[in-house]
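S.K.: Provided herewith is a single structure, encoded as structure tokens, for subsequent inquiry.
The values are calculated or read from the model by the stated rules, or taken from the named source; none is laboratory data. These figures come from a predicted structure and were not determined experimentally. Here Cβ is always computed from backbone atoms with ideal geometry, including for glycine, and neighbour counts include all displayed protein chains.
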Amino acid sequence: MSRKLLTTLLTVTLAAALAACGSVKDDSNSSSDASGDAKTDTSSAFPVSIKHKFATTQITKAPERIVVIGNGGTDDIDALYALGVTPVAISKDALTKDGVYPWLKDRIDTEKTELLDTLTAVDYEKVASLQPDLILATSDFTLDKDYKKLAAVAPTIGYETAWGQQTWQEHVQVVAKAVGKEEQGEQVIKETEDSIAAVKAKHPKLQGKTYSLSIGNTPAKIFTIASEDDFAAKLMSQVGMGLTPSVKNIKTVNGSPTGELSFEQLDKLDADLVVIAFTTPDLKKAFEASDLVKNMSAVKDDKYVVTDVATISQLRSPSALGIPWALNNLEPGFKKLD
């Protein structure tokens, strides 16, 4: 996923006046239980060492106060909740008014978990005041400048080699090891992979069909997946679909899997299924007013689907609990190909 695209997306959305909630106080003063609801004894799993780009982090005992930092994805957050672990604080969702990730609305209790605004900067003093014994920051795209200050507060785990390169499965494995639940982590991975396989089984006619997946967040320009190396493309391939060939040779953003199209090139998005999200109604209106869009076979054949920004973001930066949610949001499009 393009760092430039993500940063631009978040900044534009914030500027569009999506209300930013203040942090929610945790008045309980009680520690989160890293053993989760099942109260599994994880003491035998420690100590553990986790090597990442910035250091090898030693965790001597089951962490009880976990803080998750990072607006570059929700892998750490999803993994914790899937494992039954409640963090004391997480980075809030910059795309929603309440700061809660939509696929986690039934899991995140803001009475127990504080929502931190880390979009423009990390408040290190605030993080320290939470008295964490572990900080998960594998999705923090500013970790190059954040790591030393975070590690001074508590043991901190960063991404393995570079931001945005680890698969969602690898993120689950790292978090599961950090909280002493490696076996449960493999079960989380299996359940998510099974949910993907279920979509493919439900819609066998997706096999061999093409798609384009895009976002409109700036006037007169569309960003779209342009490579099968994109995490979203890999996910879509698991349900049987392939990226439309017409976008594979377009201009990319800083060599990333993100392609860039001017409004004079919109016909390149045509595919068996065209999926797109917009950050404002005006951008959607301008896109759909284009004759190139009106003449797309996908538009003429009702194979054009407008989704929301959160769905596109989740597909491009997939996480264990978000994947089933995002694929379900594409269900209207999948049905069009049955």
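S.K.: Please go through segment 318-338 and give me each residue that is in contact with a helix residue (DSSP H, G or I) (Cβ under 9 Å, 6 or more places away or on another chain) and either hydrophobic (A, V, I, L, M, F, W, C) or within 16 Å of Thr224 (Cβ to Cβ) (or both), ordered by number.
M.R.: Ala320, Leu321, Ile323, Trp325, Ala326, Leu327, Leu330, Phe334, Leu337
Here is a yes/no grid of residues against (1) over 18 Å from the mean Cα position of the chain (by Cα); (2) crowded, with 21+ Cβ neighbours inside 10 Å; (3) of a type in the set (Lys, Arg):
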position	(1), (2), (3)
Val153	yes, no, no
Glu160	no, no, no
His171	no, yes, no
Lys200	yes, no, yes
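S.K.: Scan segment 317-338 for residues that are closer than 21 Å to Ile77 by Cα and at pLDDT 95 or above and report the count.
M.R.: From segment 317-338, those closer than 21 Å to Ile77 by Cα are 317-329; that's our starting set.
Pick out the ones that are also at pLDDT 95 or above and you get 318-329.
So the count comes out to 12.
S.K.: Follow-up. Are any of the residues in segment 183-191 at pLDDT below 95 and not in a loop (DSSP other than H, G, I, E, B)?
M.R.: Checked against the condition, which is being at pLDDT below 95 and not in a loop (DSSP other than H, G, I, E, B), segment 183-191 yields no hits at all.
S.K.: Find all pairs meeting these conditions: Cβ atoms under 6 angstrom apart; at least six residues apart or on different chains; first residue within segment 159-174 and in the same structural domain as Asp229 (by TED's automatic domain parsing) and under 20 Å from Tyr147 (Cα atoms); second residue exposed (fewer than 15 other Cβ atoms within 10 Å of the Cβ) and charged (D, E, K, R).
M.R.: Filtered contacts from segment 159-174: no entries.
S.K.: Answer yes or no as to whether Ala151 is modelled with pLDDT under 95, of a type in the set (Gly, Ala, Ser) and farther than 18 Å from Ala79 by Cβ.
M.R.: Judged against the criteria, Ala151 is not a match.
S.K.: Let me ask something else about it. For Asn217, all conditions in the list (1) surrounded by 19 or more Cβ atoms within 10 Å (Cβ to Cβ); (2) in a helix (DSSP H, G or I) hold save one; what is the number of the exception?
M.R.: Looking at each condition in turn, Asn217 falls short on (2).
S.K.: If you don't mind, there's one more thing I want to ask. Identify all residues within segment 235-270 that are small (Gly, Ala, Ser), surrounded by fewer than 20 Cβ atoms within 10 Å (Cβ to Cβ) and touching a helix residue (DSSP H, G or I) at 6+ places or on another chain (Cβ under 7 Å); write none if there are none.
M.R.: Gly240, Ser246
S.K.: I'd like the full set of residues that are in a helix (DSSP H, G or I), closer than 21 Å to Thr156 by Cα and out of contact with any Leu (no Cβ under 8 Å at 6 or more places or on another chain), limited to segment 93-141.
M.R.: Let us first name the residues in segment 93-141 that are in a helix (DSSP H, G or I), namely 102-104, 124-129.
In the following step, the residues that additionally are closer than 21 Å to Thr156 by Cα were identified as 124-129.
Once the filter is applied, which keeps residues that are in a helix (DSSP H, G or I), closer than 21 Å to Thr156 by Cα and out of contact with any Leu (no Cβ under 8 Å at 6 or more places or on another chain), segment 93-141 yields Glu125, Ala128, Ser129.
S.K.: Is at least one residue of segment 3-11 of a type in the set (A, V, I, L, M), out of contact with any Lys or Arg (no Cβ under 9 Å at 6 or more places or on another chain), modelled with pLDDT under 95 and assigned to a helix (DSSP H, G or I)?
M.R.: yes
S.K.: Give the residues of segment 248-295 that are small (Gly, Ala, Ser) and either in the same structural domain as Gly164 (by TED's automatic domain parsing) or over 23 Å from the mean Cα position of the chain (by Cα) (or both), sorted by residue number.
M.R.: Scanning segment 248-295 gives Ser262, Ala271, Ala286, Ala289, Ser290.
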